[in-house]
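What follows is a short report on a single structure.
The values are calculated or read from the model by the stated rules, or taken from the named source; none is laboratory data. Predicted, not measured: the structure shown is a model, and the values here were computed from it. Note that we place each Cβ from the backbone using ideal geometry, even for glycine, and neighbour counts take in every protein chain shown. We work out accessible area using only protein heavy atoms, side chains counted, and drop any ligands, DNA or RNA first. Shrake-Rupley method; radii C 1.70, N 1.55, O 1.52, S 1.80 Å.
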Amino acid sequence: MLDVAEARARLLAAITPADLVGRRLALAEAAGQIAALDVDARVANPPFRRAVMDGYACRAADLPGPLPVAFEVPAGSAQTHLDAGQCARIFTGAPVPDGADVVVPQENLRAHEGGVLLDPSTQAWIRPVGDDIQIGQRLVSAGQALGPVELGLLAAGGHADVAVQSALKVALITTGDEVRPPGSALESGQIHSSNAVSLMALLAGWGVQAEHHHIADDYQAMVSALSELSARCDLVVTVGGVSAGDYDWVRPAIQALGQIESYRVRMKPGKPFAFGQIGTTPVCCVPGNPASALVTSLLFVWPAIQALRGQQHGDVRLPVRAKFTTTAAQRRRFLRVRWDGDGLRVHANQDSGSITPMAWATGLAEIAPDTAVADGDSLVYWPFSQWF
Ligand SMILES: Nc1nc2c(c(=O)[nH]1)N[C@H]1C(S)=C(S)[C@@H](COP(=O)(O)OP(=O)(O)OC[C@H]3O[C@@H](n4cnc5c(N)ncnc54)[C@H](O)[C@@H]3O)O[C@H]1N2
Ligand code: MOO
């Protein structure tokens, strides 16, 4: 069995980024998209020497005055020039006149009949050209997600649109003759396909174009589905049918079309997780138990998606105090836990087949193999908020 870190490293080593250069979108349309190319600044921010206080622009050497107010500079004014021995009334966001080297906030003003008397300020209150963004500066890199801040940065750097990746195509294959669509009347031995709904929602949140297929427990049907979907998708994710049962056709079907790593992962939940390739298309096989399917999707499928998009992967793992005890276990555990303001509580039901504990939890607590947990121990907490 492989440890989680090694299984991840092998999976990522076998992935090369997909060819996803798509179209150009106006910045207002691009929220949630991923940059297809590196983008550099065309203009500086600020583009001119900018006043950052309402007050008076003048030369520091002329302070405290009194100085006559020569003219006014509201925001949006064109560049002006100030002679020595004068000041200009200026407002936040306006271009500081050439010749002025300080803006004195209006709070520092003492009225005077022949002009204004100004107490020198502790700082100049002028932002130089390019203080925030310099021309040519890298604004976003290919593969970077375009959120509110990145889009604002592109606008400030002189861009109106951005090249975005086309959506990664992911096929989700659920298996199991006992698994029925949501809402269907259940006959003896049947359950509803909660995984299909959960994982499709997860994939949608990750911005991929996902399609779901349910395949019967039949070797030939699995081979056909995998063959067709791996040919036209960037990633295939199978759910269930991957452990040791007589109807677990996923491994032999992938083996027939490509290759599959024979390891299992020393983790709970998620031990049967497997990874393979058909042609150049990676295939992630998550176990059918709902907690196992979710946890392995978060720990393996998400980094695989990021690697296919050429994105840097980074986990959010926080040291947080346990408010529970458990005895040691052989596999690395990812317990469903809840952050309650000053520590982590654990759900009493850690069965891989249960969904309720995941709905209660706010994340996972990682416990190393052969390690017991005492109340107050520092644990590695993986908040769900990094994924959904
Ligand atoms: N002899 C062994 N048996 C099992 C082993 C083992 O090592 N030796 N591993 C166990 C572990 S650990 C897990 S986890 C499960 C996972 O097995 P599979 O990935 O093959 O999953 P299935 O057997 O197909 O299903 C497991 C469980 O999940 C339910 N399921 C399946 N699909 C869905 C779905 N779409 N929505 C909701 N629930 C689903 C299925 O009905 C089963 O109850 O294997 C252990 N067995
Ligand atoms: O690894 Mo399974 O997911 O323990 O139940």
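Farthest toward the positive end of the dipole of the chain, out of LEU168, GLY189, GLY114, is the Cα of GLY189, where the dipole comes from beta carbon charges about the Cα centre. With every protein chain in place and a 1.4 angstrom probe, the accessible-area ranking of ILE355, ILE173, largest first, reads ILE355, ILE173.
Size of the dipole of the stretch 50-127 about the Cα centre, Lys and Arg at +1 and Asp and Glu at -1 on the beta carbon, nothing else charged, in debye to 20?
Details: 5 positive and 9 negative charges, 35 e Å.
Charge dipole, the stretch 50-127, about its Cα centre: 160 debye, nearest 20.
Counting every pair of alpha carbons in the stretch 50-127, the share spaced more than 21 Å apart comes to 12 percent.
Think of it as helices only: each DSSP H run of n ≥ 4 in the chain is worth -39500 (n - 2.57), and spread over all residues that comes to -5000 deg cm²/dmol at 222 nm. Annotation: the antiparallel percentage among DSSP beta bridges lying fully within the stretch 50-127 is about 75. When the chain is treated as a Gaussian network with alpha carbon springs shorter than 10 Å, the biggest mean-square fluctuation among PRO64, PRO282, PRO46 belongs to PRO64. Note on the stretch 318-386: Rg/Rh from Cα positions, Kirkwood definition for Rh, rounded to two decimals, is 0.93.
Legend note: in the chain, cysteines whose Cβ sits 4.7 Å or more from every other cysteine Cβ are CYS233, CYS284, CYS285. The residues of the stretch 20-74 have, on average, 51 Å² of accessible surface per residue, using a 1.4 Å probe with all protein chains present. Estimated at the nearest 10 Å², the accessible area of TYR56 is 20 Å² with a 1.4 Å probe. Rolling a 1.4 Å probe over the protein chains gives PHE300 an accessible area of about 0 Å².
Pairs of Cα atoms in the stretch 1-67 fall into 10 Å distance bins, from 0 up to the last occupied one, in shares of 12, 19, 18, 17, 13, 11, 8, 2, 0 percent. Calculate the tail of P(r) for the chain: the fraction of all Cα-Cα distances greater than 39 Å, expressed in %. For the chain, the fraction of Cα-Cα distances above 39 Å is 41 percent.
Values of log10 I(q)/I(0) for the stretch 262-388 across q = 0.09, 0.13 Å⁻¹ run -0.26, -0.54, by the Debye formula with one identical scatterer at each alpha carbon and no solvent. Rounded to the nearest 5, the antiparallel percentage of DSSP beta bridges internal to the chain is 65%.
Distance between the modelled labels on ASP375 and ALA9, one decimal in nanometres: 3.9 nm (7 Å Cα→Cβ projection).
Charge dipole of the chain (Cα centre as origin; +1 on each Lys and Arg Cβ, -1 on each Asp and Glu Cβ, all else neutral): 640 debye, rounded to the nearest 20.
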